[in-house]
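The values are calculated or read from the model by the stated rules, or taken from the named source; none is laboratory data. These numbers were taken from a predicted model, which means no experiment stands behind them. Note: ideal-geometry Cβ built from the backbone for every residue, glycine included; neighbour counts use all protein chains shown.
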Amino acid sequence: MGIIGTIFIGLIVGLLARFLKPGDDSMGLIMTILLGIAGSLLATYGGQALGIYHAGQAAGFFGALVGAIVLLVIYGFIKKR
């Protein structure tokens, strides 16, 4: 999957991560999408670099979702400070 595909998946993953992450977040839609794209890029290329999965596997989508949720949690902790 190329960079454009990863960004598109990041848009979807960011919205899903925001929906699945418990708690009240006061960030806007744009920030959610940006964190989803960052989580998608981090998990996709990190997982491939570690050899966990290969490009195009369904595990990449789930890895991107987990990466986006992790980034949303970290952003929430930083914003509270």
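Points worth noting:
- Residue pairs whose Cβ atoms lie under 8 Å apart, sitting 6 or more positions apart in sequence or on different chains, and linking a residue in region 1-20 that is farther than 17 Å from Gln48 by Cα and in contact (Cβ under 8 Å) with a residue 24 or more places away in the chain to a partner that is in a helix (DSSP H, G or I) and aromatic (Phe, Trp, Tyr), are Val13/Phe61.
- For region 55-62, the condition of being touching a residue at least 24 places away in the same chain (Cβ under 8 Å) and in a helix (DSSP H, G or I) holds for at least one residue.
- Single residue of Leu50, Leu34, Leu20 found to be surrounded by fewer than 16 Cβ atoms within 10 Å (Cβ to Cβ), closer than 17 Å to Val73 by Cβ and at pLDDT 75 or above: Leu20
- Per the conditions (1) closer than 21 Å to Ile4 by Cβ; (2) modelled with pLDDT of 75 or more, the sole criterion not satisfied by Lys79 is (1).
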